[in-house]
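The values are calculated or read from the model by the stated rules, or taken from the named source; none is laboratory data. For clarity, every value in this text was computed on a predicted model and none was experimentally measured. Don't worry about glycine lacking a Cβ; one is built from the backbone with ideal geometry, like all the others, and counts go over all protein chains shown.
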There are 2 protein chains.
Amino acid sequence: MIPNVGIVVFDGAEELDFVGPWEVFAMATRDAPTKSVHLIAEDAAPVTCAKGLRVLPDCTLSTAPRLDILVVPGGRGVRRELENQALLGWLARRAEDAVWVTSVCTGAGLLVRAGIATHKRVTTHWSWLETLRGIGSCEVLAGVRYVRDGKVVTAAGVSAGIDMSLWIVGQVMGIDAARETRHMLEYDPAPPYAADV
Amino acid sequence: MIPNVGIVVFDGAEELDFVGPWEVFAMATRDAPTKSVHLIAEDAAPVTCAKGLRVLPDCTLSTAPRLDILVVPGGRGVRRELENQALLGWLARRAEDAVWVTSVCTGAGLLVRAGIATHKRVTTHWSWLETLRGIGSCEVLAGVRYVRDGKVVTAAGVSAGIDMSLWIVGQVMGIDAARETRHMLEYDPAPPYAADV
């Protein structure tokens, strides 16, 4: 199955939170006959991300196509979006039809506030574990890369969205497709300056 | 030292090739009093990346500020840019004043063609090693995450730009700054579906 993926962005979304999943899903579906990864914002205006990168959405909450996979990034804009009933309502409705509903970093707060992750096991950025516990009823796990509970998958901070998205590719398109995507992205990470060196 | 970082983009630049370094350098310099990471394109028009993401540049080849670190991404647009004398000439001139000149993935081809990496040891995406050997006089290494030769640092495919950028942060701002940046990005990668599982 080639999934239709919707990645939600808003002012203050953290860049790598959503471009990591964008790259993984776009690479995995690169041979699809039609566009399968969509950048979705509340309106068509340019979005200014947390670190200043400006991106143009492909569609809006009103014009977004049917979506199999939802991705909600984090970033400092999340605090404002936690009060955005238009976005929260849209997420709750679209989550019903989606196969997988995912978040990266502090984006987990939006899944909890929208009622999508109520009573579920979730994770978020290490600095936000207590904050997330205060947002709604959920079981917040620390020290994990990503957590799956039913169709909700929440990733830890920023770069964890890459690992989570590869895992989802494997679930939806098969493990060989996930491995080939990883190979195309040459994702054999080697972070420098390990703590014990 | 808080470096001024210039990330060059063009139609067909691969998204994660440049957003990985963008995120690393922007996180490392997030407390700087002025903007220190700049997205640079030939002109001010929106840039359509390799997988369809549209981004707005911060400045153009003409208006870019002084730059300590240059980052050149890869992507299918590289084949066209290999013939773009305006860009190649700009890269060659700016490389003279820069402290570090870097590429990700097939962006190495532009450093070689611009004369910046002539006779140097370089690397690129695994699928492009032979192609790079044909572009100009250089020693192409396989199976390495990134290669430093003088002030030129070339990374392997796509995701390797994250590791390379963290290494550069350590060289320019100190190893503690690099480790703290890595912690903020929660960059403890755990790729799923290892080949032997």
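Side notes on the structure shown:
- The condition of being surrounded by fewer than 23 Cβ atoms within 10 Å (Cβ to Cβ), away from chain B (no Cβ under 12 Å) and in contact with a Phe, Trp or Tyr (Cβ under 8 Å, 6 or more places away or on another chain) does not hold for A:GLU83.
- Only one of the numbered conditions (1) at the interface with another protein chain (Cβ under 10 Å from one of its Cβ atoms); (2) of a type in the set (A, V, I, L, M, F, W, C); (3) at negative phi; (4) in contact (Cβ under 8 Å) with a residue 60 or more places away in the chain is violated by B:ALA160, and that is (4).
- A:SER165, sole failed condition from (1) assigned to a helix (DSSP H, G or I); (2) among the small types (Gly, Ala, Ser); (3) more than 9 Å from every other protein chain (Cβ to nearest Cβ); (4) under 27 Å from B:ALA177 (Cα atoms): (4)
- Verdict on B:ASP58 being of a type in the set (D, E, K, R) and either more than 8 Å from chain A (Cβ to nearest Cβ) or touching a residue at least 24 places away in the same chain (Cβ under 8 Å) (or both): no
- The requirement of being of a type in the set (Phe, Trp, Tyr), closer than 30 Å to B:SER127 by Cα and either touching a Pro at 6+ places or on another chain (Cβ under 7 Å) or within 10 Å of another protein chain (Cβ to nearest Cβ) (or both) is not satisfied by A:TYR146.
- Only one of the listed residues (B:VAL172, B:VAL153) is of a type in the set (Val, Ile, Thr), assigned to a strand (DSSP E or B) and modelled with pLDDT of 95 or more. That residue is B:VAL153.
- Residue within segment A:117-129 that is surrounded by 17 or more Cβ atoms within 10 Å (Cβ to Cβ) and out of contact with any Ser or Thr (no Cβ under 9 Å at 6 or more places or on another chain) present: no
- Residue list for segment A:1-23, filter: more than 12 Å from chain B (Cβ to nearest Cβ), under 13 Å from A:VAL71 (Cβ atoms) and among the β-branched types (Val, Ile, Thr): A:VAL8
- Between B:ALA32, B:ALA26, B:ALA50, the distinction of being more than 10 Å from chain A (Cβ to nearest Cβ) and either in contact with a Phe, Trp or Tyr (Cβ under 8 Å, 6 or more places away or on another chain) or of a type in the set (Gly, Ala, Ser) (or both) belongs to B:ALA32 only.
- Every residue from segment B:168-197 that is under 17 Å from A:ARG182 (Cα atoms) and at the interface with chain A (Cβ under 10 Å from one of its Cβ atoms): B:TYR187, B:ASP188, B:PRO189, B:ALA190, B:PRO191, B:PRO192, B:TYR193, B:ALA194, B:ALA195, B:VAL197
- Any hit, segment B:66-79, residues being farther than 30 Å from B:TRP126 by Cβ and either among the aliphatic types (A, V, I, L, M) or touching a strand residue (DSSP E or B) at 6+ places or on another chain (Cβ under 7 Å) (or both): no
- Failed item, numbered, when B:GLN171 is tested on (1) in contact (Cβ under 8 Å) with a residue 24 or more places away in the chain; (2) touching a strand residue (DSSP E or B) at 6+ places or on another chain (Cβ under 9 Å); (3) within 26 Å of B:GLY77 (Cβ to Cβ); (4) surrounded by fewer than 19 Cβ atoms within 10 Å (Cβ to Cβ): (3)
- Meets criteria (surrounded by 15 or more Cβ atoms within 10 Å (Cβ to Cβ), away from chain B (no Cβ under 14 Å) and small (Gly, Ala, Ser)) for A:GLY109: yes
- Against the criterion of being of a type in the set (S, T, N, Q) and either farther than 19 Å from A:LEU70 by Cα or free of Cβ contacts under 8 Å to residues at least 12 places away in the same chain (or both), A:THR123 does not qualify.
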